[in-house]
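Engineer: One structure coming up, written as structure tokens, with questions to follow.
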Amino acid sequence: MNDFKTTYRDAVSGIETVHIDVDSVLDEARRKRLRAHRSRQKLITMAVMGGILCICTFGTVQAADYIKTVIKVNAYGFESADMVTISRSEKGVAGQGEEGIAPAGGLTEEEAAALEETKKMADDELVIEALEDTTQEYDSVEAFRKENPALFVLPDLEGLGYGVDSEKIWVNGNFISAQLSGKDKYIFFDRMDYSDAKEGHASSTVYAGGVYNERKFTTESGYEYILVDSKEEAQSDEVVIHAAISVGYYELYADFYGYEESEVMQILESMDLSVYEPGAE
Amino acid sequence: MTKEYMQERIDLYSDMLYKIAYLQLKNSEDAKDIVQEVFYQYIKSEKEFESGEHEKAWLIKVTLNQCKKLWRSAWFRHTEGLPKQDLPSENRLEAEVIEKERRRDLAKEVWRLPRKYREVIHLFYFEEMSVKEICEATGRRTSTVTSQLTRGRELLKKRLKEEYRYE
């Protein structure tokens with residue numbers, strides 16, 4: 001009979017060794033980028049996992065009402081839903097499978113329970129592996145555009161004078177996320193496509209530490225973003241600017257780290273959102 | 001702490017921590033990030049350890065906590081498969097080929113174990129830590145570690161085609 005320990009040790013010894021340099025360990029810029037990437041807690045993931053999409057049933061459906069999505073700000077970030085879902089929530093209409101959207105103050109009981117459930121599900125490796133197995137990752141915008149025809153508007157940061165050291169794109173179903181990083185500055189763009197959510201949708205985006213300073217920014221083309229701020233970490237003076245907008249069936253979110261407000265506006269202004277309008281394709 | 005000393009500690013422990021993180025996260029980039037973060041905390045904390053064993057337990061604990069934090073974050077990177085291992089050329093003896101495949105099958109089944117069982121199995125069999133040391137590194141009670149080891153072995157016995165001696 002073979003010895004488990006010997007066989008296992010032989011097998012694991014075959015895993016690559018890594019050399020880690022003390023300079024890279026102490027590189028604060030690298031740490032900042034990584035912390036920003038890790039600290040973005042999004043309930044959109046729950047939507048991707050099918051854990052939180054709110055379903056409504058109706059006798060008659062006005063297709064045009066599903067195009068309009070409302071994005072609101074709450075204490076922790078953004079919450080959104082289409083007009084029909086909001087209408088049902090406000091009327092308090094009882095129906096089979098009805099659930100409400102989050103009130104302005106925070107999560108509904110159902111969403112809080114779903115969040116707790118998702119945290120437990122995070123320990124369920126089969127679920128995580130299933131989720132990871134469907135995520136495609138691209139190391140550049142160019143690689144993404146070559147292989148994936150999905151609509152995903154991104155700014156030309158180089159053209160605007162902002163250096164870009166690295167680009168990453170992740171695609172999971174109707175959810176696409178991008179990270180564009182320069183020296184001490186980086187942006188995350190998220191795009192949700194709800195064109196398949198025939199019976200309505202609702203979702204939330206949460207930022208650790210909460211948000212403040214809600215304001216609007218309207219581009220010259222007439223697209224109105226909601227902007228809020230959050231602190232990059234507690235006791236830090238560094239402000240992160242978050243932007244959200246809904247166009248047609250799409251919801252777009254952007255998180256700007258290291259950018260001034262004027263730079264954020266310049267970048268948002270440069271993006272042509274008309275491609276997201278229904279019928280534009 | 002001089003840079004040379006820091007690099008010496010990194011060289012001493014990075015491989016161990018990387019393997020632990022890799023088995024948790026199944027992704028080499030994430031594992032490397034975790035290990036770098038652990039050493040960052042190690043260096044910045046300027047913690048004094050009673051012994052080498054205490055230092056090792058602290059590093060493992062922080063690594064496992066960092067892995068747990070990543071599990072709970074909203075966006076996961078793509079999982080890689082088991083790391084590729086060199087297969088012998090056709091000229092090698094058939095026995096060697098069979099041996100390599102056997103090791104790979106075993107590693108695959110450990111890879112499939114639930115995270116908490118995988119953790120203790122690795123620390124017990126690869127790092128050769130005692131149950132007491134595993135308790136210190138993971139913050140779990142003795143009874144918990146013992147039952148996770150037992151449960152992990154039971155699952156492996158069920159799933160592995162071959163029989164192994166575990167003690």
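Engineer: Just checking, does the range A:56-77 include any residue being in contact with a Cys (Cβ under 8 Å, 6 or more places away or on another chain) and at pLDDT 55 or above? Break it down into steps so the answer makes sense when it comes.
Structural biologist: Kept after step one, since they are in contact with a Cys (Cβ under 8 Å, 6 or more places away or on another chain), are these residues of the range A:56-77: none.
Within the range A:56-77, none of the residues are in contact with a Cys (Cβ under 8 Å, 6 or more places away or on another chain) and at pLDDT 55 or above.
Engineer: Now a separate question. For the range B:44-51, check the following and say yes or no: at least one residue is within 11 Å of another protein chain (Cβ to nearest Cβ) and either in a helix (DSSP H, G or I) or touching a residue at least 60 places away in the same chain (Cβ under 8 Å) (or both). It would help to see each step written out before you state the result.
Structural biologist: Of the residues in the range B:44-51, the ones within 11 Å of another protein chain (Cβ to nearest Cβ) are B:44.
When the remaining residues are screened for being either in a helix (DSSP H, G or I) or touching a residue at least 60 places away in the same chain (Cβ under 8 Å) (or both), the result is B:44.
Yes, the range B:44-51 contains at least one residue that is within 11 Å of another protein chain (Cβ to nearest Cβ) and either in a helix (DSSP H, G or I) or touching a residue at least 60 places away in the same chain (Cβ under 8 Å) (or both).
Engineer: Taking helices (runs of 4 or more DSSP H) that fall entirely within the range B:89-167, which contain at least 3 residues that are over 17 Å from A:ASN2 (Cβ atoms) and open to solvent by less than 50 Å² (accessible area, probe 1.4 Å)? Outline the logic, then answer.
Structural biologist: Working: elements: B:94-112, B:115-125, B:131-138, B:142-159.
Those helices (runs of 4 or more DSSP H) span B:115-125, B:131-138, B:142-159.
Engineer: Report every pair of residues separated by at least 6 positions or lying on different chains whose Cβ atoms are under 7 Å apart, first residue within the range A:8-24 and modelled with pLDDT of 85 or more, second assigned to a helix (DSSP H, G or I) and hydroxyl-bearing (Ser, Thr, Tyr).
Structural biologist: A:TYR8/B:TYR125; A:ARG9/B:TYR125; A:ILE20/B:SER14
Engineer: Now for a different question. Can you run down the residue pairs with Cβ atoms below 9 Å, 6 or more apart or on separate chains, where the first is in the range B:131-157 and farther than 20 Å from B:CYS67 by Cα and the partner is open to solvent by 70 Å² or more (accessible area, probe 1.4 Å) and among the β-branched types (Val, Ile, Thr)?
Structural biologist: B:VAL131/B:THR142; B:LYS132/B:THR142
Engineer: Tell me, which residue of the range A:142-153 that is open to solvent by 30 Å² or more (accessible area, probe 1.4 Å) and not charged (D, E, K, R) is farthest from A:GLY248 (Cα to Cα)? Show your work before the answer.
Structural biologist: Start the filter on the range A:142-153 by keeping residues that are open to solvent by 30 Å² or more (accessible area, probe 1.4 Å), which leaves A:142-143, A:145-147, A:149-151.
Keeping just the survivors that are not charged (D, E, K, R) gives A:143, A:149-151.
Values: A:ALA143: 26, A:PRO149: 18, A:ALA150: 15, A:LEU151: 12 Å.
By that ranking, first place goes to A:ALA143.
Engineer: Would you check if B:LEU12 is in a helix (DSSP H, G or I), modelled with pLDDT of 90 or more, closer than 25 Å to B:ILE121 by Cβ and in contact with a Ser or Thr (Cβ under 6 Å, 6 or more places away or on another chain)?
Structural biologist: On the way: in a helix (DSSP H, G or I): yes; modelled with pLDDT of 90 or more: yes; closer than 25 Å to B:ILE121 by Cβ: yes; in contact with a Ser or Thr (Cβ under 6 Å, 6 or more places away or on another chain): no.
When the stated conditions are applied, B:LEU12 does not pass them.
The values are calculated or read from the model by the stated rules, or taken from the named source; none is laboratory data. It should be emphasised that the depicted structure is a prediction, and the values quoted were computed from it without experimental measurement. FYI the Cβ positions are ideal-geometry reconstructions off the backbone, even for glycines, and counts take in every protein chain you see. Areas reflect the complete protein model, heavy atoms only, side chains present, ligands, DNA and RNA absent. Shrake-Rupley method; radii C 1.70, N 1.55, O 1.52, S 1.80 Å.
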